[in-house]
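Contents: one structure, followed by commentary.
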Amino acid sequence: MAAPVYIEELEQHVGVEVTLRGWLYARRSSGKLLFLQVRDGTGIVQCVLFRPDAPEGLFARAKHLAQETSLRVTGVVRPHQRREGEFEIQIRDLDVVAEPTAEYPISPKEHGTDFLMDHRHLWLRSKRQHAILRVRAELVRAIRHYFDDHGFLLVDAPIFTPNACEGTSTLFETDFHGEPAYLTQSGQLYAEAAAAAVGKAYCFGPTFRAEKSKTRRHLAEFWMVEPEVAYLDLAGDADLAEDFLVSIISRVLERRAAELEILERDTSALERVQKPFPRIRYAEAIAILQKHGNDSRHGDDFGGDEETLISAEFDRPVIVTHYPMSLKPFYFKRDPSEPGLALNMDVLAPEGYGEVIGGGQREDDLARLEASLEAHKLPKEQFEQ
RNA sequence: UGCAGGGUGGCCAAGUGGAAAGGCAGCCGCCUGUUAAGCGGACGAGCGCGGGUUCGACUCCCGCCCCUGCAGCCA
């Protein structure tokens, strides 16, 4: 048996006999010609068998292989006879490792999402899912790199926690040996404690909201990155959000162009994510809404429709600051010149994606923080530790 | 939780009171360059579940279950 190689390395082995180890992705034939598309996780390659050249019995055996059969294919790498820049394998031998126990349910044609989700473990084998996994993995890597390279210390918050402070959505409650424990809704409180210790900290991991909600904007489980920086003011926070978004998006565009192409993602909106982002105040956002006939008034929060209207005014993400305190959590610092407003910001993404980042300057005066707790009618005792 | 749409062979999908289209996959066969290949053939469901109306129900009525989208909530 020839040296085992991965499909992504075939270019380095042209003219050489190699062995692939993978699964049968698709099969086609044309009389005495048989085309087996084999995938191995790094790519898909066409393997060709011509009956008159094939060893005794091999052609007949290969002709009826089922989709997703595990196999080893040995053959010579050569340029694709019809497609420029691609390679194919002239099959010399073929070894079936295992055959599927049932007909593979996912055919090359149309399926509904519901059906595919019922076969999630197999759906993962398809090209489109590979592309999604790779884009997501790149994004996670870009996020970690950004903070690691900018002086932040990764401080992972517990996922399983007695801390129920977020309290805004329903919590997933579990029993921890007789005591209630919750799946985390946010690592923010832990990250804040860490920032006071190390200056710049971030946590990045799964968070949970027990809403029975499954829209593109809300999930019961999602990943969230939460940086906390001591002494950072609102403008500095906006700078950070802007630099961070530009950095991670450009990295994904650069390194995952092929996958975005497979997903047929129009990248022009992503390419426009460049500094500077427009920065507007909440009051200006309200004016934009009213200009478009939306009946939002000062004091109203933005829903999905409102976020879409506001972001449509700009060709890149927009940073909205200075929301009314009444709309925001108690811990934001008040604007000294206009105490009714919070020193907070939301970053709204284009294309209807809405709020992708929320943040702001924290209250650093204990008396005001306690007053704010009271104003929000929150039980002070729960926050004393 | 509310509103809207939807459950028809393994998958996708027409039909909408009177004998369940079609396509794909799977199976058999033909084809020396296929790319969701093409061509031919055989096979395969009684229409989400339970009641009702009717000579007759996939189709109409009632109840229930499940799915999807949007809204709400929120990030």
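The values are calculated or read from the model by the stated rules, or taken from the named source; none is laboratory data. Since we're looking at a predicted model, the values are computed, not measured. Glycine gets a Cβ as well: all are built from the backbone with ideal geometry, and neighbour counts include every protein chain shown.
Odds and ends about this structure:
A quick yes/no check of all residues on (1) in contact (Cβ under 8 Å) with a residue 40 or more places away in the chain; (2) surrounded by fewer than 19 Cβ atoms within 10 Å (Cβ to Cβ); (3) away from RNA strand B (no atom under 16 Å from the Cβ):
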position	(1), (2), (3)
A:152	yes, no, yes
A:170	yes, yes, no
A:174	no, yes, yes
A:180	no, yes, yes
A:192	yes, yes, no
A:196	no, yes, yes
A:201	yes, no, yes
A:205	yes, yes, no
A:209	yes, no, no
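- Residue identified as near RNA strand B (Cβ under 9 Å from one of its atoms), of a type outside the set (D, E, K, R) and either closer than 24 Å to residue A:3 by Cβ or in the same structural domain as residue A:15 (by TED's automatic domain parsing) (or both) among A:30, A:70: A:30
- Within segment A:112-149, the set of residues being touching a residue at least 24 places away in the same chain (Cβ under 8 Å) and of a type in the set (Val, Ile, Thr) comprises A:132, A:135, A:140, A:143.
- Verdict on residue A:95 being of a type in the set (Asp, Glu), more than 24 Å from residue A:259 (Cα to Cα) and surrounded by 13 or more Cβ atoms within 10 Å (Cβ to Cβ): no
- Residues of segment A:10-40 satisfying the condition of being more than 19 Å from residue A:65 (Cβ to Cβ) and either β-branched (Val, Ile, Thr) or touching a residue at least 12 places away in the same chain (Cβ under 8 Å) (or both): A:10, A:11, A:13, A:14, A:15, A:16, A:17, A:18
- Taking the numbered list (1) aliphatic (A, V, I, L, M); (2) at pLDDT 95 or above; (3) in contact with a Leu (Cβ under 9 Å, 6 or more places away or on another chain) in turn, residue A:76 passes all entries but (3).
- Test: residue in segment A:120-130 that is more than 16 Å from RNA strand B (Cβ to nearest atom), in a loop (DSSP other than H, G, I, E, B) and either assigned by TED's automatic domain parsing to the domain that holds residue A:187 or crowded, with 16+ Cβ neighbours inside 10 Å (or both): no
- For segment A:50-73, the candidate set comprises residues that are buried (at least 17 other Cβ atoms within 10 Å of the Cβ) and aliphatic (A, V, I, L, M); within that set, the residue that is nearest to residue A:102 (Cα to Cα) is A:65.
- Scanning segment A:1-23 for residues that are among the hydrophobic types (A, V, I, L, M, F, W, C) and at pLDDT 95 or above yields A:5, A:7, A:10, A:14, A:16, A:18, A:20, A:23.
- Matching strands (runs of 3 or more DSSP E) fully within segment A:17-102 where at least 1 residues are charged (D, E, K, R) and over 22 Å from residue A:131 (Cα atoms): A:17-30, A:70-79, A:87-98
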